[in-house]
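Student: Can you read through this structure? Questions will come right after.
The values are calculated or read from the model by the stated rules, or taken from the named source; none is laboratory data. Being a predicted model, the structure only gives us computed values, none of them experimental. Don't worry about glycine lacking a Cβ; one is built from the backbone with ideal geometry, like all the others, and counts go over all protein chains shown. SASA here: full protein model, heavy atoms, side chains in, ligands and nucleic acids out. Shrake-Rupley method; radii C 1.70, N 1.55, O 1.52, S 1.80 Å.
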Amino acid sequence: MKIIVTGGAGFIGSNYIHYMFRKYGDQIRIINVDALTYAGNLENLKEVELNEGLKTIGDSTFWGCGITKITIPNSVETIMPYAFFYCHDLEEVEIGEGLKDINNGTFNGCENLKKVTIKSKHDIEAWTTDVYQIFSRCTSLEVIYVYEDRLTFFKNTSPWSLYSSYYKKI
């Protein structure tokens with residue numbers, strides 16, 4: 001199901017978006033259009049809870065959104081291109097155990113992203129371009145936590161190896 005919400009950053013619209021995600025989980029895709037006039041407030045969309053059962057985070061789903069932290073459920077297997085592109089306020093990401101595929105530009109331009117935790121036990125296939133790597137222009141990135149038995153994979157597999165100095169064990 002696809003829904004366009006106008007005014008989704010306002011009080012009523014943002015509550016509607018949260019309600020729809022809770023009710024329909026991975027069965028829904030919401031596009032929020034908001035002129036950010038007097039009632040629009042991106043603070044209303046700082047926290048987004050993704051339901052267990054969600055399999056894919058779609059292309060550009062959170063592009064430019066004001067979220068500060070996201071926990072990606074264990075059920076998510078694929079994150080499509082640019083899913084969190086230019087989420088300037090995003091500081092922390094936790095990726096669950098099920099991730100198998102991540103695409104180009106996923107966190108590109110998230111200049112306040114500091115901490116990423118990747119709990120996936122899979123060899124994550126990463127599709128990127130020279131310009132749009134997974135963490136391109138994440139200028140505040142400090143650490144990427146992975147399980148100790150996954151360190152070798154991440155440090156030695158392209159494009160993950162681009163971030164080898166950031167890896168620490170969970």
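Student: Could you tell me which of the residues S165, S136, S75, S120 is among the polar types (S, T, N, Q) and over 15 Å from the mean Cα position of the chain (by Cα)? Before the answer, list the steps.
Tutor: Details: S136 fails: over 15 Å from the mean Cα position of the chain (by Cα); S75 fails: over 15 Å from the mean Cα position of the chain (by Cα); S120 fails: over 15 Å from the mean Cα position of the chain (by Cα).
Matching residue, one of S165, S136, S75, S120: S165.
Student: So if I check each of V116, V93, V131, V76, which one is modelled with pLDDT under 90 and of a type in the set (A, V, I, L, M)? So that I can check it myself, show each step before the final result.
Tutor: Numbers: V116 fails: modelled with pLDDT under 90; V93 fails: modelled with pLDDT under 90; V76 fails: modelled with pLDDT under 90.
Step by step, each of V116, V93, V131, V76 is checked, and only V131 is modelled with pLDDT under 90 and of a type in the set (A, V, I, L, M).
Student: Just to check your reading of the model, which residue among Y166, Y145, Y82 is surrounded by 14 or more Cβ atoms within 10 Å (Cβ to Cβ) and at positive phi?
Tutor: Y82
Student: If the requirement is being at pLDDT below 95 and either touching a Ser or Thr at 6+ places or on another chain (Cβ under 7 Å) or of a type outside the set (A, V, I, L, M, F, W, C) (or both), which of these qualifies: Y82, Y147? Outline the logic, then answer.
Tutor: On the way: Y147 fails: at pLDDT below 95.
Only one candidate qualifies: Y82.
Student: Collect the residues in the stretch 85-116 that are open to solvent by less than 20 Å² (accessible area, probe 1.4 Å), in a loop (DSSP other than H, G, I, E, B) and not polar (S, T, N, Q), keeping them in residue-number order.
Tutor: In the first step, residues of the stretch 85-116 are kept if they are open to solvent by less than 20 Å² (accessible area, probe 1.4 Å); the result is 85, 87, 90, 93, 95-96, 98-99, 102, 105-110, 113, 116.
Right, trim to in a loop (DSSP other than H, G, I, E, B) and you get 85, 87, 90, 96, 98-99, 105-110, 113.
The answer is F85, C87, L90, G96, G98, L99, G105, F107, G109, C110, L113.
Student: Could you check how many residues of the stretch 106-118 are among the basic types (K, R) and touching a strand residue (DSSP E or B) at 6+ places or on another chain (Cβ under 6 Å)? If you could, list the steps in order and put the result at the bottom.
Tutor: Of the residues in the stretch 106-118, the ones among the basic types (K, R) are 114-115.
Then keep just the ones that are touching a strand residue (DSSP E or B) at 6+ places or on another chain (Cβ under 6 Å); that gives 115.
Going through the stretch 106-118 one residue at a time, the tally reaches 1.
Student: While we're looking at this one, here's another question. Just checking, how many residues over the stretch 136-168 are farther than 20 Å from E97 by Cβ and outside any helix (DSSP H, G or I)?
Tutor: 9
Student: Filtering the stretch 47-63 down to residues that are among the small types (G, A, S) and under 16 Å from F85 (Cα atoms), which residue is least open to solvent (accessible area, probe 1.4 Å)?
Tutor: Going through the stretch 47-63, the residues among the small types (G, A, S) turn out to be 53, 58, 60.
Next cut, under 16 Å from F85 (Cα atoms) only: 58, 60.
Numbers: G58: 20, S60: 37 Å².
Filtering the stretch 47-63 for residues that are among the small types (G, A, S) and under 16 Å from F85 (Cα atoms), the one least open to solvent (accessible area, probe 1.4 Å) comes out as G58.
Student: Further question: Please determine whether any residue of the stretch 117-125 is closer than 18 Å to T78 by Cα, assigned to a helix (DSSP H, G or I) and either aliphatic (A, V, I, L, M) or open to solvent by less than 50 Å² (accessible area, probe 1.4 Å) (or both). Full working, then the answer.
Tutor: Taking the stretch 117-125 as the starting set, the residues that turn out to be closer than 18 Å to T78 by Cα are 117-125.
This time we only want the ones that are assigned to a helix (DSSP H, G or I), so: none.
Taking every residue of the stretch 117-125 in turn, none turns out to be closer than 18 Å to T78 by Cα, assigned to a helix (DSSP H, G or I) and either aliphatic (A, V, I, L, M) or open to solvent by less than 50 Å² (accessible area, probe 1.4 Å) (or both).
Student: Still on this structure: Can you tell me how many residues within the stretch 117-135 are under 15 Å from E97 (Cβ atoms) and aliphatic (A, V, I, L, M)? Outline the logic, then answer.
Tutor: Taking the stretch 117-135 first, the residues under 15 Å from E97 (Cβ atoms) are 117-124.
In the following step, the residues that additionally are aliphatic (A, V, I, L, M) were identified as 118, 124.
Total satisfying the criteria: 2.
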